[in-house]
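Q: There's a structure below that I have some questions on.
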């Protein structure tokens, strides 16, 4: 069995003392940023990129991955205890999780969330390991036209999954693509829209853009709408669910894991959809749907499993195709490139120890997270009581040092300030920044593939429809867009996001 | 660069303007800016695209989308713009810029507390003494972490 020997090699890599420590560190930091509302994994990873310069690539990616899925665990703690989603994917958990906490069952909610996530994490790890090889082989058949169409599909998904108006999300994608054209043209070497600023000839840097929009603009938004923190005062209670609660949760966990794993693979941040889909499904299947919203344990178990499974399978498009499905994965691309690894199908053959080491570390990280989250929950609760007036200057200084250190460049600090301003204006104008970031990330690669495809087809766009795989991908994208725009569906979509 | 684009969208942030009108104008301005900048680049043909082809075509799409947003919003109405949080913008971005201005010139030992103190005033419930103590402690922690533990080449003291 190939998978097992590969996984064994991965565990060999992941179980070195250094990598275990990095995995633990990543999970700790991830939980921390997940717990704290207003600090997202994107800003954190951007800020910690310089720290990983000194590490070997495997260690660096293990740590960054830990931050990412650690944040998913931490986000649910905040959702349950404070009724604020620490992370966007934990929104659904607030519905029943916080109600359970109010009834004095916070411990059980936390326990079910952590155990469900752990189970989902284990399954997703196997899922990645099993799908990695075949998908990689499949990806090697992709020509430029297929790559281009796949990215189009990913971008369409990201707009359908974004909150608010689809037209606006679509325009954000175009804005991202436009920003990606800044810099030296790869084929002709001409400078485009660089305004004579030397730093821009390499293009707009991702870190200042992400940090400005997701770090600083968020701070200002949080200052503008202070959140009432209603930290649960009652005791957290027993952490382990009793037998009947376990029986109630098993099926939701299984279904949530399946939904989350599949949606997570979709390029275009399908992972955010997982918890919503799982919640809706549990509510439909329940004998007594009225219990939902009043502390139904299924409403915690399902979505939490879905969210964690999706967070992990989101690595699949990155590792096999080299296409980042969301902003965090885009930062992973950055981290890989810094270490001289080009993400894509060749990672698995050229750097097998990185590929399998990372997958194995995910399983280890998930086990660590159960320990970090359950017994240590008291620490996280204390942390939630730190007032925002102290928290945001601390975030500011960390981000400032981080952004400066990436290139030792003061100009990057000013770029960040500029993008923070733009990001805040965008928030005010009701634009969702995530699709823009994804457009920006995919822009360069898309342009390259588009040009290659058109050279091969001698300037004819029909090549995208004549090739079957490419045509299928585009058709899926089109169907998704049409369905989302249908009046009946768009109403449902609004409801889903409001819940 | 920040003056060039940043000044323009601020004009829309008055009271009572439809949010999507503002959003559309924002996109139209960006589109015009890119059209102006990419005008002189060779566009080439579909068979061999020039450097200007994509920036131009995307900018046109973006501008058209902006116009569509404005029209739809004027026809259908919708949410209105809310007043921006000027205090937050000023102190948070100011703190960041102060950091940039002082970190090489004076070092982190000054830039850290200075930018944090300044940023603290972004909220109305600022407590200056508490903020000052916190800023100094955090800076010391950051110096320990980033300089000594992680060995990043960030200047600490440059004025002695």
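Q: Between residue B:17 and residue A:2, what is the label-point separation in nm under the 7 Å Cα-to-beta-carbon projection?
A: The two pseudo-label positions are separated by 5.8 nm.
Q: Then there is this: Quick check on region A:97-143: what does the Kirkwood estimate of hydrodynamic radius come out to from the alpha carbon pairs, in Å?
A: 13.2
Q: Shielding by partners for A:424-433, please: the mean number of other protein chain Cβ atoms within 10 Å of each residue's Cβ. Spell out each step's value before the answer.
A: Values: counts 6, 12, 3, 1, 12, 14, 7, 4, 0, 0.
Mean shielding count: 6.
Q: Other chains near B:23-33: what is the mean number of their Cβ atoms within 10 Å of each residue's Cβ?
A: Numbers: counts 10, 3, 1, 8, 8, 0, 0, 5, 3, 0, 3.
If you average over the peptide's residues, the count of other-chain Cβ atoms is 4.
Q: Percentage of Cα-Cα pair distances in chain B greater than 24 Å, rounded to whole percent? Could the numbers behind the result be given before it?
A: Details: 7473 of 12720 pairs.
It works out to 59 percent of all Cα pairs.
Q: Just order A:40-51, A:337-348 by mean Cβ neighbour count inside 10 Å, highest at the front, would you?
A: A:40-51, A:337-348
Q: While we're on this one: Taking only C-alpha pairs under 8 Å that are 6+ residues apart, what is the relative contact order of chain A in percent? Walk me through the numbers on the way to the answer.
A: Details: 906 pairs, mean separation 141.3, N = 499.
With pairs under 8 Å counted, the relative contact order is 28 percent.
Q: Please compute the average number of Cβ atoms from other chains found within 10 Å of each residue's Cβ in peptide B:74-85.
A: 2
Q: With everything on Cα atoms, drop me the angle between helix A:273-285 and the longest principal axis of chain A, reported from 0 to 90° to the nearest 10.
A: Helix A:273-285 sits roughly 40 degrees off the main axis of chain A.
Q: When only C-alpha pairs under 8 Å and at least 6 residues apart count, what is the relative contact order of region A:1-111, in percent?
A: Reported relative contact order: 25 percent.
Q: What share of Cα pairs, in percent, lie more than 16 angstrom apart in region B:86-149?
A: On the way: 914 of 2016 pairs.
Within region B:86-149, distances greater than 16 Å cover 45 percent of Cα pairs.
Q: I'm a student and want to see the number: the projected area of the Cα convex hull of region A:314-442, averaged over all directions, in nm².
A: 10.5
Q: Give the angle, between 0 and 90 degrees and rounded to the nearest 10, that separates the Cα long axis of helix B:128-142 from the longest principal axis of the Cα atoms of chain B.
A: Relative to chain B, helix B:128-142 is tipped by roughly 90 degrees.
Q: Still on this structure, please answer the following. Please give the peptides B:109-121, B:35-47 ranked by average Cβ packing (other Cβ atoms within 10 Å per residue), highest first, as a rough proxy for protection.
A: Going by the mean number of other Cβ atoms within 10 Å, highest first, we get B:109-121, B:35-47.
Q: Give me the mean projected area, in nm² to one decimal, of the convex hull enclosing the Cα positions of the protein assembly as shown.
A: If you wrap the Cα atoms of the protein assembly as shown in a convex hull and average its projections, you get 28.8 nm².
Q: How long are the semi-axes of the equivalent ellipsoid of region A:152-283, taking √(5λ) for every eigenvalue λ of the Cα gyration tensor, in whole Å from largest down?
A: In descending order, the three semi-axes are 42, 22, 14 Å.
Q: Return a whole-number percent for the relative contact order of chain B, with Cα pairs under 8 Å and 6 or more residues apart as the contact set.
A: So the answer I get is 21 percent.
Q: Shifting gears a bit: Under 14 Å from the 7 Å Cα→Cβ point of residue B:158, by amide nitrogen: which residues of region B:92-108?
A: B:98-108, by backbone N distance to the label point.
Q: Tell me the label-point distance for the pair residue B:133, residue B:68, using the 7 Å Cα-to-Cβ offset, in nm and rounded to one decimal.
A: With each label placed 7 Å out from Cα toward Cβ, I get 5.7 nm.
Q: Starting from the exponent 0.38 and prefactor 2.2 Å, build the expected Rg for region A:93-229 from its residue count and divide its actual Cα Rg by it.
A: Dividing the Cα radius of gyration by 2.2 N^0.38 Å gives 1.54.
Q: Return the calculated 222 nm mean residue ellipticity for the protein assembly as shown, to the nearest 500 deg cm²/dmol, obtained by summing -39500 (n - 2.57) across DSSP H runs with n ≥ 4 and dividing by the residue count.
A: Values: 29 runs with 449 residues, N = 659.
Calculated at 222 nm, the ellipticity per residue is -22500 deg cm²/dmol.
Q: Which angle between 0 and 90 degrees, to the nearest 10, do you get for helix A:487-498 versus the longest principal axis of chain A when only C-alpha atoms count?
A: Once rounded, the angle reads 60 degrees.
Every number here is computed from the coordinates shown, using simple stated rules; none is lab data. Only a predicted model underlies this, so the values are computations on that prediction, with no experimental measurement involved. Neighbour counts run over all protein chains shown; Cβ positions are idealised from the backbone, glycine included.
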